[in-house]
Amino acid sequence: MKNHLKRIASPRTWLIDRKASVFITRPKPGAHPLEYGLPLGVIVRDALKLSSTMSEAKKVLNNNEVLIDGRRRKDYRFIVGLFDVIAVPSIKKYWRVVLDRKGRVVVIEIPEKESKIKLCKVVNKTVLPKGKLQYNFHDGKNIISEEKARVGDTFVLELPTFKVQKVIPLKPGAAIFLMGGGLSGNLGELKELKGDEAIYTIDSRKTETA
């Protein structure tokens, strides 16, 4: 696996200056797909402005406590993706990775209280021996829980323990965040589910079908 890729060939979801140089750090394969994640070094340097060069970013990661979902990460190629929480306790700063209204991966600052929770979408579930349920989330994590949930529901997890605070069911009236398609990055409200189709509103004005 190469350590770099050409900026011009990087995913269109990456909000970067494509003419700044020829190459950019390639994240290691991880829990998030390439188009919905950024390497930690690039986030430290370009998004958080904690360094001006990748060499400095590596020093920041080695010398300071940079937490991703409550766990320290030192690898500058570690992929950080949708809804991951970034924390630098030494400066009391916290961020979350989301999509902007153009579907690009961005990092937004959040208050410390909000940094203690993470939203995880259920993408699969498995029945284990003795009837236990294992839920698999969009970020590669999985937990065994007695909570009753379906694929598409969202778990609200406490960080860094990953204790389940509550489950948000995917049903009419639920708030939704679009993660794909031409409207990715928009917030809306689910109106109706019809098989594989979802009818929803965006900004309480426009109705769309996905």
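The values are calculated or read from the model by the stated rules, or taken from the named source; none is laboratory data. Keep in mind the model is a prediction, meaning the values are calculated, not measured. All Cβ positions, even for glycine, are placed from backbone atoms using ideal geometry, and neighbour counts span all protein chains on display. Keep in mind that these areas ignore ligands, DNA and RNA; they rest on the heavy atoms of the full protein, side chains included. Shrake-Rupley method; radii C 1.70, N 1.55, O 1.52, S 1.80 Å.
When you scan region 116-136, do you find a residue that is closer than 20 Å to VAL85 by Cβ, touching a helix residue (DSSP H, G or I) at 6+ places or on another chain (Cβ under 9 Å) and open to solvent by 20 Å² or more (accessible area, probe 1.4 Å), even just one? The answer is no, given that none of the residues of region 116-136 is closer than 20 Å to VAL85 by Cβ, touching a helix residue (DSSP H, G or I) at 6+ places or on another chain (Cβ under 9 Å) and open to solvent by 20 Å² or more (accessible area, probe 1.4 Å). The set of residues in region 90-134 being basic (Lys, Arg) and over 11 Å from the mean Cα position of the chain (by Cα) consists of LYS92, LYS93, ARG101, LYS102, ARG104, LYS113, LYS116, LYS125, LYS130, LYS132.
Would you be able to say whether some residue in region 160-173 is modelled with pLDDT under 85, closer than 30 Å to PRO89 by Cβ and out of contact with any Ser or Thr (no Cβ under 9 Å at 6 or more places or on another chain)?
no
None of VAL123, VAL156, VAL80, VAL151 is under 18 Å from VAL44 (Cβ atoms) and at pLDDT 90 or above except VAL80. Of all residues in region 175-184, those satisfying the criterion of being open to solvent by 40 Å² or more (accessible area, probe 1.4 Å) and assigned to a strand (DSSP E or B) are ALA175, PHE177.
Contact map, region 177-201: residues that are over 20 Å from HIS138 (Cα atoms) paired with residues that are in a strand (DSSP E or B) and aromatic (Phe, Trp, Tyr), Cβ distance under 7 Å, separation 6+ or inter-chain. Pairs shown: GLU189/TYR200; LYS191/TYR200. Of the numbered criteria (1) open to solvent by 60 Å² or more (accessible area, probe 1.4 Å); (2) among the small types (Gly, Ala, Ser); (3) in contact with a Ser or Thr (Cβ under 9 Å, 6 or more places away or on another chain), the one GLY41 fails is (1).
Only residues that are in contact (Cβ under 8 Å) with a residue 60 or more places away in the chain and among the hydrophobic types (A, V, I, L, M, F, W, C): list them for region 95-136, please.
Answer for region 95-136, where residues must be in contact (Cβ under 8 Å) with a residue 60 or more places away in the chain and among the hydrophobic types (A, V, I, L, M, F, W, C): VAL97, VAL98, LEU99, VAL105, VAL106, VAL107.
When you scan region 185-203, do you find a residue that is assigned to a loop (DSSP other than H, G, I, E, B) and over 28 Å from LEU15 (Cβ atoms), even just one? Scanning region 185-203 turns up at least one residue that is assigned to a loop (DSSP other than H, G, I, E, B) and over 28 Å from LEU15 (Cβ atoms).
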